[in-house]
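The values are calculated or read from the model by the stated rules, or taken from the named source; none is laboratory data. In this text, all values refer to a predicted model and were calculated from it rather than measured experimentally. Positions of Cβ are generated from backbone atoms using ideal geometry, with glycine treated the same way; all protein chains shown enter the neighbour counts. SASA here: full protein model, heavy atoms, side chains in, ligands and nucleic acids out. Shrake-Rupley method; radii C 1.70, N 1.55, O 1.52, S 1.80 Å.
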Amino acid sequence: MELPLDYTTLRLIWWGLLGVLLIGFALTDGFDMGVGALLPFVARTDEERRMVINTIGATWEGNQVWFIVGGAAIFAAWPQVYAVSFSGFYLAMFLVLSALILRPVSFKYRSKRPEARWRSMWDWGLFIGSFVPALVFGVAVGNVLMGAPFRLDSDLRSFYEGSLLGLFTPFTLVCGLLSVSMLVLHGAAWLAVKGEEGVVLKRARAIGTAAGLASLVLFAVGGAMAAFGDMGFRITGAVDTGGVSNPLRTAVEAAPGAWMDNYGRYPWMIIAPVLGFAGAAIGLLGMWRKSAALAFGGSSASAVGIISTVGLSMFPFILPSSINAQSSLTVWNASSSHTTLFIMLIVVAVFLPFVLLYTAWVYKVLWGRSTMDALKTNPDLY
């Protein structure tokens, strides 16, 4: 049976959907992580910390769905990418999952006992469960840009030759700190939207301003390192965009500076880095003018621009190999079958609108600022 969409088009659609899922995760669970990372520094009393926690208390569980769906999408649409990354980066993934497990436990346990020491311990658990994933996700993106140390044999079995400490290099740490600063700005902006006006928001705006400035500097530094450093990959042979998935059939070479090639081929892609810089600047303006709309809109735009810059710069690469360029995984050589991608697209087209409508309804019903007074009258709050 001939499918209504060709293989090339489906691969492009799923590459775009993967980007949408990652951006959705950054925009929703991203401000949860930002608020968690800010918690010990913007709130000093138990009442202040409860107010901060309750700005995300009603939605943080639902926001984590984007992370789960993103992982499932990689597994289903790009199985070789999933196999190489989740097995090769196993210890890093274990570190992230441990932190993500600590976060919900901290939410649920902190109010079980009234002792200040007990609650402070779980507040720091929330900090660790937010800061560590933000940092490691950025470090992981930096390693993807540099190329992961894996190779494929003739049977397409993957062999990873890296280590956990080897993931942390000057460039990947810049990427990790950029991720943290981006999400801290986003978290501070969310507090401006949902928090009660007062000393907590004053502290959040001060830290958010520093995070916004750090985002601008780190994004520029990371871009310069990617453009002029010893990283980048390029396809040198003919590309069969509709062919059978087999990475070893693609001729690839390491080419420093090649991550800038797409901006020459497709000038419109410059929109992504411009949005990354402009969004952070708008977020800063919102902090200075005490405008929640400007701050949150700017931080959201900055996250979209920064994440899109990575994806567009690397296209069509998804996971290049630093030790054997021939093993690099791309949009064209590492996807599931034509039929699988089409069936999955139908499922997404049917169910994704329901998920988005339900999410919008939840935010509408639970909208409103978290206040100190509500802590005394609402027994459902943390």
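For the residues W78, W268, W15, a GNM of the chain with alpha-carbon springs under 10 Å puts the largest fluctuation on W268.
Free of any GluC sites (Glu not before Pro) that DSSP assigns to a loop and that have at most 10 other C-beta atoms within 10 Å, the longest stretch within the chain is 116-382.
Rounded to a whole number, what % of the accessible area of the chain do carbon and sulfur atoms account for, probe 1.4 Å? Mind dumping the intermediate values first?
Values: 12250 of 17510 Å².
On the chain, the fraction of accessible area on carbon and sulfur atoms equals 70 percent.
For segment 201-327, what is the relative contact order in percent, using Cα pairs closer than 8 Å and at least 6 residues apart in sequence? Show your work: numbers first, answer last.
Working: 165 pairs, mean separation 33.9, N = 127.
It comes to 27 percent, rounded to a whole number.
Report, in order of residue number, the helices in the chain meeting two criteria: a C-alpha extent of 20 Å or more along the helix axis, and a mean Kyte-Doolittle hydropathy of at least -0.5; treat each whole DSSP H run as one helix.
Values: long enough: 7-42 (50 Å, 1.36); 90-109 (28 Å, 1.44); 116-146 (45 Å, 1.00); 170-194 (36 Å, 1.58); 199-228 (44 Å, 1.47); 271-289 (26 Å, 1.47); 292-314 (34 Å, 1.41); 338-365 (40 Å, 1.89).
The answer, listed by residue number, is 7-42, 90-109, 116-146, 170-194, 199-228, 271-289, 292-314, 338-365.
Please list log₁₀ I(q)/I(0) at q = 0.06 Å⁻¹ for the chain, using the Debye equation with identical point scatterers on the alpha-carbon positions. One equal scatterer on each Cα of the chain leads to -0.24. Summarising the amide proton neighbourhood of S322: residues at separation of 5 or more, or on other chains, whose placed amide H is nearer than 5 Å comprise A148, F150. Accessible surface area normalised per residue over the chain is 46 Å², counting heavy atoms of protein chains with a 1.4 Å rolling probe.
For the chain, please report how many Lys pairs fall under 17 Å Cα to Cα, leaving out neighbours fewer than 8 apart on the same chain.
Numbers: K112/K376; K194/K202; K194/K290; K194/K364; K202/K290.
Taking the Cα cut-off of 17 Å, the pair count is 5.
Placing unit charges on the Cβ atoms of the charged side chains and taking the dipole of the chain about its Cα centre, the candidate lying farthest along the positive direction among Y363, P40, F233 is P40. Out of T172, T309, T236, any idea which swings most in a Gaussian network model of the chain, alpha carbons joined below 10 Å? Maximum among the listed residues: T236.
Find, among the trypsin sites (Lys or Arg not before Pro) in segment 87-150, those assigned to loop by DSSP (not H, G, I, E, B) with at most 12 other beta-carbon atoms within 10 angstrom.
Details: sites: K108, R110, K112, R117, R119; in loops: R110, K112.
Loop-located and lightly packed - K112.
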